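Contents: one structure, followed by commentary.
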Amino acid sequence: MFPFQLQVVSIPVKANFRGLKFRELALFEGPAGWSEFSAFTEYNNKESTPWLSASLEAATKPAPKPIRDQIPVNATLPNVKVSEVKQLLAAFAGCTTVKIKINDFISDQDLLVETLKHIPNAKFRLDVNGGWSLAEAVANLKNYEQEFGSLIEYVEQPCIDIADLSILRRSTSIKIAVDESIRKFLGSDLTKLKEVADIAIIKWAPSGGVRSALELIEKIDLPVVISSALDSSVGISHGLSLAAAVPNLYGACGLGTVALLDGDVTSEPLLATSGFMRNRKIIADRVSEFKVAPDRQSWWQDRADVIYEGGLL
Ligand SMILES: [Mg+2]
């Protein structure tokens, strides 16, 4: 059996992020502090295993020694309506790097234009989640480059196929970041990613915890952006522990995302101030406000038990 009693919560989400209206996740407290198991509910047990490993590590082992105490963070803008941009950006105080989830140039260029009205010195990261074919990527990036030039810091996972990324990289001067590719690549030669990308996006939970993430980062040997997965402040604090220990940080990290939630499990949420975040221990003192019904509670506890007993950790 999983050695901890989970406390499952469901937190309302402000904007359409992955189509979620509520973020369901499980919290527990171990000897090293509060931890979070938050593999998305549609993930199967195999895919959720590193998330559970990460949560166990964070609950039982102290974080590695930090090499920085201030982490620069970016604003994260889901694929929202232009009318929602201003209010969402306001929750990312002082952030001038803005990551935007986009579908294409035609429908989403207005999100960048609108952002510039509120953050005139904004730099952009476009996240495509692997949604483009090679031809679509070439065409869309050409347009973005023409319209926004050096304001585009990089495009994140424009295509899913590694061979496509390799060709694309030779046809655009926009830098390419890999996110989904890393998870798909875990079993193969990670050093090859350097041939198709400029930046690696790394997340605490799907990497299996801070320690395995640091090993992964060493193998990939690319500049790194630490990101999150709509975590509560508990998960974010572990992402910050990772970001604080990474030697080759590329720049702003995607850790300000508590701003996308309508509530948090702590009375002192971890949010950006002046474009930066500083890590601290989070006490989950508001869990009872977001508690799920008993059937969801047992779903998560069973899930953790099965994964744990599967011995895959
Ligand atoms: Mg991504």
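Observations, loosely collected:
- Restricting PHE2, PHE105 to residues that are out of contact with any strand residue (DSSP E or B) (no Cβ under 9 Å at 6 or more places or on another chain), of a type in the set (A, V, I, L, M, F, W, C) and buried (at least 18 other Cβ atoms within 10 Å of the Cβ) narrows the list to PHE105.
- Flag if SER207 is within 16 Å of the ligand (Cβ to nearest atom), touching a residue at least 60 places away in the same chain (Cβ under 8 Å), within 25 Å of ALA39 (Cβ to Cβ) and assigned by TED's automatic domain parsing to the domain that holds ALA229: yes
- Yes/no for ASP104 being in the same structural domain as LYS184 (by TED's automatic domain parsing), modelled with pLDDT under 95 and not basic (Lys, Arg): no
- Single match in LEU240, LEU271 (criterion: assigned by TED's automatic domain parsing to the domain that holds LEU88 and surrounded by fewer than 19 Cβ atoms within 10 Å (Cβ to Cβ)): LEU271
- Residues satisfying the stated conditions in the range 135-187, i.e. more than 13 Å from the ligand (Cβ to nearest atom) and among the small types (Gly, Ala, Ser): ALA135, ALA137, ALA139, GLY149, SER150, ALA163, SER166, SER171, SER173, GLY187
- Once the range 210-237 is narrowed to residues that are polar (S, T, N, Q) and within 16 Å of the ligand (Cβ to nearest atom), the residue that is surrounded by the most Cβ atoms within 10 Å (Cβ to Cβ) is SER228.
- Enumeration of residues in the range 173-195 that are crowded, with 20+ Cβ neighbours inside 10 Å, at pLDDT 95 or above and more than 25 Å from SER38 (Cβ to Cβ): ILE174, ILE176
The values are calculated or read from the model by the stated rules, or taken from the named source; none is laboratory data. Because the structure is predicted, anything quoted here is derived from the model rather than measured. Positions of Cβ are backbone-derived with ideal geometry, glycine not excepted, and every protein chain shown enters the neighbour counts.
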